[in-house]
1. When you go through Val42, Val30, Val16, Val129 one by one, which is the residue that is crowded, with 20+ Cβ neighbours inside 10 Å, within 23 Å of Gly142 (Cβ to Cβ) and within 13 Å of the chain's Cα centre (by Cα)?
2. Can you name the residue in the range 97-109 that is farther than 19 Å from Gly21 by Cα and surrounded by 17 or more Cβ atoms within 10 Å (Cβ to Cβ) and, of all such residues, is modelled with the highest pLDDT?
3. Exactly one condition in (1) buried (at least 24 other Cβ atoms within 10 Å of the Cβ); (2) hydrophobic (A, V, I, L, M, F, W, C); (3) in contact with a Lys or Arg (Cβ under 8 Å, 6 or more places away or on another chain) is not met by Leu37; state its number.
4. Select the helices (runs of 4 or more DSSP H) contained entirely in the range 159-266, then report the ones holding at least 3 residues which are over 22 Å from Asn98 (Cβ atoms) and at pLDDT below 95.
5. Quick one: which of Gly155, Gly182, Gly168 is more than 24 Å from Arg250 (Cβ to Cβ) and either among the aliphatic types (A, V, I, L, M) or out of contact with any strand residue (DSSP E or B) (no Cβ under 6 Å at 6 or more places or on another chain) (or both)?
6. Restricting attention to the range 128-145, which residues are among the hydrophobic types (A, V, I, L, M, F, W, C) and either over 20 Å from Ser74 (Cα atoms) or touching an Asp or Glu at 6+ places or on another chain (Cβ under 6 Å) (or both)?
7. When you go through Arg46, Arg40, Arg8 one by one, which is the residue that is of a type outside the set (Phe, Trp, Tyr) and in contact with a Leu (Cβ under 8 Å, 6 or more places away or on another chain)?
8. Would you be able to tell me the number of residues in the range 29-52 that are in contact (Cβ under 8 Å) with a residue 60 or more places away in the chain and β-branched (Val, Ile, Thr)?
Amino acid sequence: MAYRSIFRPDLFEGQVILVTGGGSGIGRCVAHELAALGARLVIAGRDPEKLARVADEIESEGYSVDTLCCNIRSEVEVAAMIEGVLALHGRLDGLVNNAGGQFHAPLADISAKGFEAVVSTNLTGGFIVMREAYRQWMQGHGGAIVNMSADIWMGLPGFAHSAASRAGMESLTQSAAAEWAGSGVRVNTVAPGMITSSGFDNYEGAGVDQIRAYPERVPAKRYGTVAEVSAAIVFLLSPAAAYITGSCLRVDGGSPNGRHGQALKQVKGLPAFDGFHLSSTPVLFEESNRT
């Protein structure tokens with residue numbers, strides 16, 4: 001099998017694209033699609049074993065990929081990562097600024113340390129990565145950056161620290177889009193709703209309950225797929241988005257539009273697209289794990 005992208009196979013031929021957080025979830029899917037579309041791909045993350053597994057998957061399908069280990073919260077490591085991309089390929093055309101993380105907790109129970117850890121990863125770390133990509137290459141050569149946001153539009157109970165950091169990324173993206181357009185750099189965000197991925201299996205208790213209840217209040221009546229998020233990212237990286245910068249592309253099944261208290265009585269929702277040939281069902285959805 002091969003990735004079933006809707007985009008033409010040579011879309012990114014000759015272009016170098018870096019995907020942070022490329023060892024799992026959305027980043028893994030994006031890496032597969034970009035490789036299938038001809039990109040000279042580099043994936044980065046903190047866990048070398050995860051990166052190696054994804055690299056093996058991609059290489060087994062006849063594509064090439066390089067891996068770089070990096071903690072995006074470290075300015076030194078991020079600078080070295082971008083230097084590494086340039087040493088390997090001599091250019092950097094696109095950045096998928098995907099690395100991040102959060103945990104489920106009521107706002108009153110989040111410690112300052114826990115709050116700062118999430119903000120440091122999702123916002124400060126993302127800032128460092130895009131700044132270094134700009135400083136070391138894109139300022140003089142142009143490029144496209146896609147940052148990661150989330151479905152934060154009316155708050156995100158249970159993940160308030162993550163919502164705060166993603167809201168900051170929205171503002172940061174708009175500022176960068178204005179400041180960097182003169183260098184030929186486009187900066188946008190993708191804001192996923194609840195997307196079916198291995199990340200679901202990091203939660204327990206109330207977090208699992210929140211995930212399972214999600215489709216009932218979403219107009220699309222389902223979760224999203226990683227392939228749907230990947231397609232949005234690929235579009236924003238592509239020449240078709242040449243006049244789009246400082247914008248956010250929501251991939252959320254209309255979730256914010258279903259939060260007005262009305263009963264969503266429709267039985268059928270919107271059909272899914274899943275072009276990722278290696279996608280799998282999170283463990284929490286397996287029948288034996290339901291209570």
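The values are calculated or read from the model by the stated rules, or taken from the named source; none is laboratory data. Worth saying up front: this structure is predicted, and the values here are computed from it rather than measured. Note that we place each Cβ from the backbone using ideal geometry, even for glycine, and neighbour counts take in every protein chain shown.
1. Step by step, each of Val42, Val30, Val16, Val129 is checked, and only Val30 is crowded, with 20+ Cβ neighbours inside 10 Å, within 23 Å of Gly142 (Cβ to Cβ) and within 13 Å of the chain's Cα centre (by Cα).
2. Step by step, filter the range 97-109, then rank; the result is Ala105.
3. (1)
4. Working: elements: 160-180, 206-213, 226-237.
Helices (runs of 4 or more DSSP H) meeting the threshold: 206-213.
5. Step by step, each of Gly155, Gly182, Gly168 is checked, and only Gly182 is more than 24 Å from Arg250 (Cβ to Cβ) and either among the aliphatic types (A, V, I, L, M) or out of contact with any strand residue (DSSP E or B) (no Cβ under 6 Å at 6 or more places or on another chain) (or both).
6. Passing the criteria: Ile128, Met138, Ala144.
7. Answer to the check: Arg8.
8. Of the residues in that region, 1 qualify.
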